[in-house]
Each structure stands twice: as structure tokens, then as C-alpha cells.
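No value in this document is a laboratory result; all are computed from the given coordinates. Note that the structure is a prediction, hence the values are computed from the model and not measured. Here the Cβ positions follow ideal geometry from the backbone for every residue, glycine too, while neighbour counts run over all protein chains shown.
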Amino acid sequence: MNHPDRIPGERPAPEPKVRPSRPLNLAFILDPLHGLKAYKDSSIAMMREAAARGHRVSAIQREALTWREGVVAARSHAIHTRADERGWYEAGDEASLPLTAFDAVVMRQDPPFDFEYIAASWLLERAVAGGARVFNDPRAIRDHSEKIAITEFPQFTATTLVARDAADIDAFIDELGDVILKPLDGMGGSQIFRVTASDPNRNVIVETLTHEGARTIMAQRFLPAIADGDKRVLIIGGEVVPYALARIPKPGETRGNLAAGGRGVAMPLTGREREIAEFLAPVLWQRGLMVVGLDVIGGHLTEINVTSPTCFVEIAAQTGFPVAGLFVDKLEQACA
């Protein structure tokens with residue numbers, strides 16, 4: 001099949017090495033279905049691809065998870081996907097099933113990473129102990145703060161501070177002169193501030209983000225390369241997707257997040273981006289993190305997203321690279 005809109009040099013995804021001998025029974029733990037936007041939602045792309053291959057797809061809401069007498073179960077709805085962007089699914093019958101009844105459970109709940117998210121990870125960890133396959137691995141999700149996880153790989157990061165005391169944060173701002181401050185549990189660019197040493201609002205920003213010293217935050221050297229985009233680099237089942245989505249800030253903004261109005265432009269990985277991703281890919285996949293979204297600005301790793309990484313749809317639409325197809329390939333291989 002020809003893809004005239006592909007970026008020059010694009011190479012097709014590799015053929016899967018192993019395919020299951022029967023259709024899989026897959027469950028996706030999702031945000032409320034009516035709130036998902038089919039034109040851009042990566043989870044919907046995953047479900048559509050799985051259904052197109054003949055696999056059975058069900059949806060679970062996080063609050064439906066239960067544990068009793070050693071068994072983790074949930075109410076689930078069979079989902080029949082459609083091409084219609086507005087009515088993208090038809091819900092089938094509801095069933096209460098142990099998670100071991102599914103060949104795989106895909107955790108795609110968006111943050112906030114609050115106590116209920118942690119509680120769900122505990123329940124899912126019990127399900128794994130009972131024989132269920134869950135991706136991303138719930139313990140790995142819980143252990144990988146999407147902000148603090150970068151501290152494991154300081155060779156790839158910009159100058160960074162994690163602290164809660166205003167004196168430490170102020171000293172960092174004074175030293176570097178131009179920094180980004182952000183909470184450890186934010187998403188979509190929420191509550192991210194660019195602060196300079198001369199900013200008259202710096203004290204109130206620090207007080208607000210730290211809740212007057214009660215909460216730890218992250219500070220990073222401001223990277224002017226954000227003007228060229230906050231790059232989302234995807235790793236799926238230990239394999240690096242050869243394109244990044246550069247989320248370019250709108251005029252007057254320092255945040256490239258699409259949720260903050262950024263514009264997404266797919267482009268081939270740079271050598272530095274591939275170096276970072278290829279180094280992290282086997283490490284993270286060994287921990288059970290099937291889908292990972294690295295954030296890279298100017299060749300510096302700024303976040304490691306493991307809860308519900310996105311950008312499948314945008315990369316596929318602009319390059320022809322079958323991102324959701326690669327995901328289902330890896331899921332089939334894991335279940336074979």
C-alpha cells in the first residue's frame with residue numbers, strides 16, 4: 001500500500017515474529033468512554049486495531065475493580081468499535097469476571113496519579129500474582145513517577161532539582177536564572193511555570209506549587225529548544241518507534257503539550273533521541289512497561305510517561321507508521 005504522505009525515509013514496522021493461535025480476549029481499563037475523543041485517543045486506536053484482527057475487546061472502569069477471597073475481578077463491557085468518530089463504539093453486555101479470564105489487561109487510566117490510582121495498582125498487582133497479565137505492569141507504574149523517573153538516568157537530563165524547601169528552590173532559580181517549575185503529579189502541561197530570577201511573582205509561584213513547603217516539586221533548567229518542540233518518543237514492547245511527535249508551543253507559550261494548545265508535528269528521531277530511547281528501551285521493557293512515552297527537549301530527557309502515553313494517532317496519520325499495529329503485535333507476542 002502506498003502512503004504518499006509519509007515522511008521521506010520512513011520504514012515499515014517489522015512483521016511480528018509470533019502470532020496467537022486464537023483470538024485474544026483483551027480488557028482495557030479506561031477513563032469513562034463517553035469522554036474519549038476518537039480522533040486523537042491512543043487507547044481507541046489500540047482497541048480498533050485489536051478488534052480489526054479479530055480479538056475480543058472489553059472496557060473496564062477503574063472503580064469496578066474488586067478483590068475478594070484472593071480473586072481480583074471487575075465488571076466489564078464488551079466493546080464493538082466503529083469507524084465513526086462520534087459514535088466510535090457500541091457497548092455489549094456487562095459481565096463480572098476475574099481478570100484472569102482475559103488474556104491481557106491493558107491499564108490506560110489517565111492521571112491524576114492520586115490515592116485511587118495507587119489503590120488500583122495494588123489490586124492489579126494482586127491480579128498479576130494470581131496469574132493475570134497486566135500491561136503496563138502495575139508495580140512498575142507505581143514505582144515510576146513520570147517526573148522523578150528521569151533521576152535514574154542523569155546522563156540524559158538537563159540540570160534538575162527535586163525539592164520542597166523554598167530556600168533550595170530559590171537558590172536553584174538564582175543559580176540558573178531561568179527555570180521551569182512543575183508539580184510531580186501534573187499532566188498535560190498543568191501548573192507548569194517558567195520563572196526567572198527577576199520574576200516578581202517567583203515567591204508566590206513557589207509557595208503555590210509547594211503548598212508553602214508541604215509538597216515536593218521539580219525544577220529544571222529552561223531549555224530554549226522548546227521552541228522546536230517537546231518531543232514525544234514512543235517505546236513499545238522494547239522497540240523504539242522511529243518517529244517523534246514534536247509538540248510545538250503556540251505563540252507566547254513555553255508549554256508544548258497538546259492539551260495546552262501545542263501543535264503536533266511528526267518527524268524522524270534525531271541521533272540523540274534514538275540514543276536515549278535505545279538505552280532505556282530494554283531496561284523499561286524488562287520491568288513490564290510495554291508502552292512508554294519519553295519527553296525529550298533539545299536532546300534532554302525531561303519525563304518518562306508510563307500511565308497512558310499518547311500520540312499514536314498523530315504519528316500514524318502523519319507518517320503512515322502503524323503505531324497501534326506495533327502495540328498489538330507486542331501484545332500478541334506477550335500472550336502467545
(message) I'd like to know which of Phe28, Leu65, Thr208 lies farthest towards the positive end of the charge dipole of the chain, counting +1 on Cβ of Lys and Arg and -1 on Cβ of Asp and Glu.
(response) Phe28
(request) Over the chain, calculate the relative contact order: mean separation of alpha carbon pairs under 8 Å at least 6 apart, over the residue count, as a percent. (result) 21
(message) Can you show me the helix-derived [θ] at 222 nm for the chain, built from DSSP H runs with n ≥ 4 at -39,500 (n - 2.57) apiece and divided by the number of residues, rounded to the nearest 500.
(response) -8000 deg cm²/dmol
(message) Here are a few candidate values for Kirkwood radius over Cα pairs in Å: [x] 20.0; [y] 22.0; [z] 20.9. Which one was actually calculated from the structure I just gave you?
(response) [z]
(request) Please grab the % of Cα pairs in region 124-281 that end up more than 24 Å from each other. (result) 43
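What is the projected area of the convex hull of the Cα atoms of region 159-222, averaged over all directions, in nm²?
The Cα convex hull of region 159-222, projected and averaged over all directions, gives 3.7 nm².
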(request) Run the quick spin-label model on Arg139 and Arg19: label points 7 Å from Cα toward the beta carbon, then report their separation in nm to one decimal. (result) 3.4
(request) Please find the FRET efficiency linking Glu152 to Glu116, where r is the Cβ-Cβ separation and R0 is fixed at 41 Å, and quote it to the nearest 0.05. (result) 0.95
(message) Run the reach check for Lys37 against lysines, Cα to Cα strictly under 26 Å, same-chain hits fewer than 8 apart removed. What comes back?
(response) Lys147, Lys231, Lys250, Lys330
(request) For region 86-109 and region 62-84, write down the distance between their C-alpha centroids in whole Å. (result) 5
(message) If a paramagnetic tag sat 7 Å from the Cα of Ser96 along the Cα-Cβ line, which residues of region 58-80 would have the backbone N under 11 Å from that point?
(response) 66-68, 73-76
(request) Mind checking the full-extension length gain between Glu278 and Arg263? Use 0.36 nm per residue of separation minus the Cα-Cα distance, one decimal, nm. (result) 2.8 nm
